[in-house]
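Worksheet for the structure shown next.
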Amino acid sequence: MSTDAPTVLRTRPRDASAVHPTSAFTALARDVRAGGHLERRYTFYGFRLAGAVLALAGIVTAVVLVGDSWWQLLVAAVAAVVFTQCAFLGHDAAHRQIFVSGRGNDWASLLLANLAVGLSHGWWQRKHTRHHANPNKVDADPDIDMKVLGFTPDDVAGRRTALGRWFLRRQGWFFFPLLLLEGVALHVASVRRVAARGPVERRAVEAVLLGVRLVGWVALVLVVMSPVKGAAFLAVQLALFGVYMGASFAPNHKGMPLVPKDARIDFLRRQVLTSRNVRGGRWLDVAMGGLNYQVEHHLFPSMPSMSLRRVAPVVRAYCAEHAIPYTQVSLGRSYAIVVRHLNEVGLGDRDPFVCPLVATARV
């Protein structure tokens, strides 16, 4: 079953009691495993890793060769794409998708995140793990706990100033422009995590890799270009990086049902009901790093991203068989849903997408 709007989640499962929730996912997982979809894809990731190294080397070479020219803004745009693709690859490594060895995946993610992109692997992994455990759950999912935007009625009620209320009523329209600052915000959060008080796992390694990437990148730019061109280069690269990253992650859950903080839902429904797939060809798989198959990714986080397309029909058919709404829309439609949802929440409406299946899908 597929739909172009999250309101499909208002329906009630026809046979919710026919199969125990836990056994329902166990049966699906058994079918997926039997189909070989969880096997490691070393050739696929070997080419991607080699491509990432070559692309990064190409960006550095281009910066040096183009020199003090306004053509560097084109290089900055390409760099934003390369860094985002490296972030997608680091995401796969952090989910144990590349190697069987946990240590190998950790180091791959560290090098890709900290050294290639300039983001803290530890900061992102801690945040992302919490998100996967409780997607769209109030007071549990860090992805709906933002200071600037309001995702719940309580967020809206907490804004006391007239300016804050004015912004929230229009926050959907501001969402994508705000992504221009997301690149800077991600770097700042990473540095804060490494510099935070208290124990930080691999602090020294993360600090060295982040320092080499952030300081070295800025130094290279300012050595090759004049201050004005260098500042413009960094501004374009950071802005486009933030937009690309945000536009890839935003369609996945925003505008899907919010789960009350006191609710308990079985794993299969918790992941499917709060996730949205984005329809598109293989070009979209590459552009979004496989994140367009968010339902399958949340059900099987360690599945190699190239296998998500193959397993999607299996999951979709299984959800239809068990009357579990499966949401899939176009990319443009997903963005429209995000904007509309944020505006409706900002207007003070009780969230229209709070999932009514909570009462019927508890364990």
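In this structure, does Ala189 turn out to be under 20 Å from Val78 (Cα atoms) and small (Gly, Ala, Ser)? Spelling it out, it is not the case that Ala189 is under 20 Å from Val78 (Cα atoms) and small (Gly, Ala, Ser). Among the residues of segment 237-279, those that are surrounded by fewer than 21 Cβ atoms within 10 Å (Cβ to Cβ) and of a type in the set (Lys, Arg) comprise Lys261, Arg264, Arg279.
Each row is one residue, and each column tells you yes or no for (1) at pLDDT below 95; (2) crowded, with 19+ Cβ neighbours inside 10 Å; (3) in contact with a Phe, Trp or Tyr (Cβ under 9 Å, 6 or more places away or on another chain); (4) of a type in the set (S, T, N, Q).
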site	(1), (2), (3), (4)
Phe151	yes, yes, no, no
Asp154	yes, no, no, no
Gly158	yes, no, no, no
Trp166	yes, no, no, no
Gln171	yes, yes, no, yes
Leu181	no, no, no, no
Val184	no, no, no, no
Val188	no, no, no, no
Val194	yes, yes, yes, no
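Scan segment 305-326 for residues that are under 17 Å from the mean Cα position of the chain (by Cα) and either without any contact (Cβ under 8 Å) to a residue 24 or more places away in the chain or buried (at least 21 other Cβ atoms within 10 Å of the Cβ) (or both) and the total you get is 2. Among the residues of segment 276-304, those that are closer than 23 Å to Ala34 by Cβ, touching a residue at least 40 places away in the same chain (Cβ under 8 Å) and touching an Asp or Glu at 6+ places or on another chain (Cβ under 9 Å) comprise Asn277, Gly290, Met303, Pro304.
The values are calculated or read from the model by the stated rules, or taken from the named source; none is laboratory data. Source: prediction; values computed, not measured. Neighbour counts run over all protein chains shown; Cβ positions are idealised from the backbone, glycine included.
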